[in-house]
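A.B. asks: This is the structure I want to talk about, given as structure tokens.
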Amino acid sequence: MATTHAQVPGEPTPTSMAFLETATAAVQNFSPIKSIHQHLCAFHFYSNDMTRQVEAHHFCAHQNEEMRQCLIYDSEAADAKLIGLEYLISEALFLKLPDSEKPLWHSHEYEVKSGVLFMPRVPGPIERQDLDKLCKTYGKTIHFWQVDRGDDLPLGIPQIMLALTRDGQLRPELARDVERRYGVSFEEEREKRAYMAGPNLGIHPLANGEGKGFKTELKEAGCMPVDSVPRVFV
Amino acid sequence: MQHAVPRGRLPKHPRTFPSTYLVLLPLNSSYLAVITRDTRRLDCIFEIRSKTQRRFEMASSDKTPTPNPASRPGDQPTPPGKPMTMGQHILDKGAEMMQSLKPVNQMSQHVCTFALYSHDMTRQIETHHYVTRLNQDFLQCAVYDSDDSHGRLIGVEYIVSDKIFESLPPDEQKLWHSHAYEIKAGLWVNPRIPEMIGQPELQNLAKTYGKFWCTWQVDRGDRLPLGAPALMMSPQPVNLGMVKPELLETRDAKYNISTDALKTSRVEIAEPEWINPQADYWKLHGKGFAVDVKQTEMKKITPFP
């Protein structure tokens, strides 16, 4: 695989522990997880560095017709690392966001129309019905684990990610690797998806970082609201 | 729970797991008995739901969300947006049948506990962690604000053993929190799991550290996930780290449990010999952390966007 898959440090899970966990999963309430119904494969890049790109496996659930929430893993294997999450919203909801928030969200039009965003193992005609809707949505992606630089643990602070917006951005070796593993052709898909349209009002100028890069920074902060009475730390 | 268990009679050749003192015995396709190996005493019965039954429940639970019966401070309406159309339901079901959702199927535990915002510890939330164990020293959790089908995905927490934690640089360690207190105090629970079944896992988890980023601040009324991710801290036995009683009462009522009773039953759980002082940073330094988003030059391959 093109992305490095460093092994997470630690001893293998003993049988006893694994077995107990299987038993608990059978009786507890997993409703939010049972709502996850879809696997999407796409690419993200770091909002300050387009050259650092990550293959992202999204496992998505609907909150309603206009909003989805996805868990992002670095692969679709059982030992995949949970590297981030993404929220997807319709154009209508995006327009309701404060202007200061809009730049943190990216458009999906290019990813869908170019074929690089796809649903593994779902036949094209079915896949395209949902992609037609996704084409008009905006997403906010946050990664916590920088697997592309070989981290075997989730170090550092969260990174807000962006999505591809034009030809020439996606690194060819990443694209070929995914095409080969899944037996898909982005070029062929692009032709079949030519009829799809992006947001009705066009891609909002404030989306996609307003066309600029950005990054997250950690700072020390008070651990109490400014107007509260200071307490003694015992 | 009503069941047909032949009392006082144990079939031969139960499945055994040598390193535990419990035996799980399938009674039929729907029930599993848990028996203490030494005394051969029946502890409890689990009802197992087949995949078909679960799918049926998924179809019926996708109704217009009802208000959460356990109203809690900061309870907000579900995100804005139209209800799911039948067409979308059909698409989803169709896709689901063809895809394997392996990473998600690895989630093996539901944990209900509490967390506090690092930059404002007066803001406390009830959290629902869905936990996957990758190995004996590492777990990853998808965190939701409730355990119903419309639970909002509010963040991710990673949990590491003390061994891994000690290998981290100090600047990394200050972002993490310890779990010993919240487990011993009965704040951390596995809903619907008898304490006895859960205890071995709790022994292990009491020595771990966690790093929890919250991406949707539902408690302040955000109807959509706004802003930068927030660092979260764990409850601690020191004024600012104490969970508000009303939050506890609401949680306990919902699951019909008593945090106090759990605290008593967990007296046996060993305290870690030492908790690294870099964790729970605010306790020694009186400060938390926050994340800013700042514009910067983007390294590019093509013009953007």
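A.B. asks: For the stretch A:144-189, name all the residues that are more than 10 Å from chain B (Cβ to nearest Cβ) and either of a type in the set (Lys, Arg) or closer than 30 Å to A:Leu93 by Cα (or both). Steps first, please.
C.D. replies: To start, the set of residues in the stretch A:144-189 that are more than 10 Å from chain B (Cβ to nearest Cβ) comprises A:146-151, A:161, A:172-189.
The answer is A:Gln146, A:Arg149, A:Met161, A:Arg176, A:Arg180, A:Arg181, A:Phe186, A:Glu189.
A.B. asks: What pairs come up if the first residue lies in the stretch B:181-195 and is away from chain A (no Cβ under 12 Å) and within 17 Å of B:Glu126 (Cβ to Cβ), the second is surrounded by 20 or more Cβ atoms within 10 Å (Cβ to Cβ) and of a type in the set (D, E, K, R), and their beta carbons are under 6 Å apart, counting only those six or more places apart or on different chains?
C.D. replies: As it stands, the answer is B:Trp188/B:Glu182, since those pairs meet every condition given.
A.B. asks: Which of the residues belonging to the stretch B:270-289 are in contact with a helix residue (DSSP H, G or I) (Cβ under 8 Å, 6 or more places away or on another chain), within 11 Å of chain A (Cβ to nearest Cβ) and in contact (Cβ under 8 Å) with a residue 12 or more places away in the chain? I'd like the intermediate steps shown before the answer.
C.D. replies: Let us first name the residues in the stretch B:270-289 that are in contact with a helix residue (DSSP H, G or I) (Cβ under 8 Å, 6 or more places away or on another chain), namely B:270-272, B:275-280, B:282-283, B:287-289.
With within 11 Å of chain A (Cβ to nearest Cβ) added as a condition, the list becomes B:280, B:282-283, B:287-289.
B:Asp280, B:Trp282, B:Lys283, B:Gly288, B:Phe289 - these are the residues of the stretch B:270-289 that are in contact with a helix residue (DSSP H, G or I) (Cβ under 8 Å, 6 or more places away or on another chain), within 11 Å of chain A (Cβ to nearest Cβ) and in contact (Cβ under 8 Å) with a residue 12 or more places away in the chain.
A.B. asks: Starting from residues that are among the charged types (D, E, K, R) and over 20 Å from A:Leu40 (Cβ atoms), keep the ones in the stretch A:192-214 and report whichever is nearest to the other protein chains (Cβ to nearest Cβ).
C.D. replies: Filtering the stretch A:192-214 for residues that are among the charged types (D, E, K, R) and over 20 Å from A:Leu40 (Cβ atoms), the one nearest to the other protein chains (Cβ to nearest Cβ) comes out as A:Lys212.
A.B. asks: Check A:Thr165, A:Thr216 and return the single one that is free of Cβ contacts under 8 Å to residues at least 60 places away in the same chain and in a strand (DSSP E or B).
C.D. replies: Values: A:Thr165 fails: in a strand (DSSP E or B).
The unique qualifying residue is A:Thr216.
A.B. asks: Still on this structure, I have one more. Can you pull out every residue in the stretch A:177-189 that is surrounded by fewer than 16 Cβ atoms within 10 Å (Cβ to Cβ) and in contact (Cβ under 8 Å) with a residue 40 or more places away in the chain? Show your work before the answer.
C.D. replies: Here is the first cut: in the stretch A:177-189, the residues surrounded by fewer than 16 Cβ atoms within 10 Å (Cβ to Cβ) are A:177, A:180-183, A:185, A:187-188.
Listed by number, the residues that qualify are A:Asp177, A:Arg181, A:Tyr182, A:Ser185, A:Glu187, A:Glu188.
A.B. asks: Any chance you could count how many residues in the stretch B:191-205 are over 12 Å from B:Ser265 (Cα atoms) and among the acidic types (Asp, Glu)?
C.D. replies: 1
Here is a yes/no grid of residues against (1) outside the structural domain of B:Ala261 (by TED's automatic domain parsing); (2) of a type in the set (D, E, K, R); (3) buried (at least 22 other Cβ atoms within 10 Å of the Cβ):
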site: B:Ala95; (1), (2), (3): yes, no, yes
site: B:Gln109; (1), (2), (3): no, no, yes
site: B:Gln136; (1), (2), (3): no, no, no
site: B:Glu172; (1), (2), (3): no, yes, no
site: B:Ser178; (1), (2), (3): no, no, yes
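A.B. asks: Something else about it: Could you list all residues from the stretch B:225-269 that are in a loop (DSSP other than H, G, I, E, B), within 12 Å of another protein chain (Cβ to nearest Cβ) and out of contact with any Asp or Glu (no Cβ under 8 Å at 6 or more places or on another chain)? Give the steps one after another, and end with the answer.
C.D. replies: Initial filter on the stretch B:225-269 (in a loop (DSSP other than H, G, I, E, B)): B:225-229, B:234-238, B:242-244, B:256-258, B:266-269.
Checking the rest, the ones that are also within 12 Å of another protein chain (Cβ to nearest Cβ) come to B:225-229, B:236-238, B:242.
If the condition is that a residue be in a loop (DSSP other than H, G, I, E, B), within 12 Å of another protein chain (Cβ to nearest Cβ) and out of contact with any Asp or Glu (no Cβ under 8 Å at 6 or more places or on another chain), then B:Pro225, B:Pro229, B:Pro237, B:Val238, B:Met242 are the ones that fit.
A.B. asks: So in the stretch B:109-146, with the set limited to residues that are acidic (Asp, Glu) and touching a helix residue (DSSP H, G or I) at 6+ places or on another chain (Cβ under 7 Å), which one is nearest to the other protein chains (Cβ to nearest Cβ)?
C.D. replies: So in the stretch B:109-146, the residues acidic (Asp, Glu) come out as B:120, B:126, B:137, B:145.
Those still in the list that are touching a helix residue (DSSP H, G or I) at 6+ places or on another chain (Cβ under 7 Å) too: B:126, B:137, B:145.
On the way: B:Glu126: 14, B:Asp137: 3, B:Asp145: 9 Å.
Checking each candidate, the answer is B:Asp137.
A.B. asks: Would you check if B:Glu166 is surrounded by fewer than 23 Cβ atoms within 10 Å (Cβ to Cβ) and more than 9 Å from chain A (Cβ to nearest Cβ)?
C.D. replies: Numbers: surrounded by fewer than 23 Cβ atoms within 10 Å (Cβ to Cβ): yes; more than 9 Å from chain A (Cβ to nearest Cβ): yes.
Against the criterion (surrounded by fewer than 23 Cβ atoms within 10 Å (Cβ to Cβ) and more than 9 Å from chain A (Cβ to nearest Cβ)), B:Glu166 qualifies.
A.B. asks: Select, from B:Ile197, B:Ile159, B:Ile183, the only residue that is of a type in the set (Val, Ile, Thr) and surrounded by fewer than 22 Cβ atoms within 10 Å (Cβ to Cβ). Talk me through it step by step, then tell me what you get.
C.D. replies: Values: B:Ile159 fails: surrounded by fewer than 22 Cβ atoms within 10 Å (Cβ to Cβ); B:Ile183 fails: surrounded by fewer than 22 Cβ atoms within 10 Å (Cβ to Cβ).
Criteria check complete, one pass: B:Ile197.
A.B. asks: Is it true that some residue in the stretch B:290-301 is away from chain A (no Cβ under 13 Å) and surrounded by 13 or more Cβ atoms within 10 Å (Cβ to Cβ)? Step through it out loud before you land on a result.
C.D. replies: Kept after step one, since they are away from chain A (no Cβ under 13 Å), are these residues of the stretch B:290-301: none.
Scanning the stretch B:290-301, I find no residue that is away from chain A (no Cβ under 13 Å) and surrounded by 13 or more Cβ atoms within 10 Å (Cβ to Cβ), so the answer is no.
The values are calculated or read from the model by the stated rules, or taken from the named source; none is laboratory data. Just so we're clear, the structure is a prediction, and the values are computed from it rather than from any experiment. Don't worry about glycine lacking a Cβ; one is built from the backbone with ideal geometry, like all the others, and counts go over all protein chains shown.
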